[in-house]
Amino acid sequence: MSISGFGTPRTTSVSSGPDISAARPTPKVDDMSTRPLKLLTASDLDLIEKVTGERVDPDSGLAPPFAMEIVMRRQSGYLAPGQEVTGVVLKDMSRPYEVNKDPDNPIGPYLDKALAYLASIGRTGVDVSA
């Protein structure tokens, strides 16, 4: 490169330096951000299948809205890791949709069936084990 101005013209070279791109490690992508269905517990998957009739494969990325609502609650921390989904939790998840009369409530169409199933296995209260 040639620089001109006052004084004598000078030539400078720009060193590119060592190539650090090859040495830079590839950042690890959190599996939960790329495959959020992996957040679902075995009991979540069982509940989803019993209630919706659909078996969810956490690797597929496909799930009914009922399952995605549970995933969102796990991602947000509303459901702690390992915390069981109970009738109280499902009612609480459905309440904002009901209050706003939202026709897209992912819990509403399955709520009665889910509550009946959870009652049949004795999971109706608040889970404080997590």
> Taking only the alpha-carbon positions of region 61-130 and ignoring solvent, what does the Debye formula give for the base-10 log of I(q)/I(0) at q = 0.17, 0.19, 0.21 Å⁻¹?
Replying inline: -0.62, -0.78, -0.95
> Measuring from label point to label point, each 7 Å out along Cα→Cβ, what is the K91 to S76 span in nm?
Replying inline: 1.9
> From the backbone phi of region 61-76, what are the Karplus-calculated ³J(HN,Hα) couplings (6.51 cos²θ - 1.76 cosθ + 1.60, θ = phi - 60°) in whole Hz, Gly and Pro given as x?
Replying inline: x, 10, 7, x, x, 4, 5, 5, 5, 5, 4, 4, 5, 6, 4, 6
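Rule-based calculations on the coordinates, nothing more; no lab input. Not measured: the values here are computed from a predicted model. Counting neighbours? That spans all protein chains shown, and the Cβs are built from the backbone with ideal geometry, glycine included.
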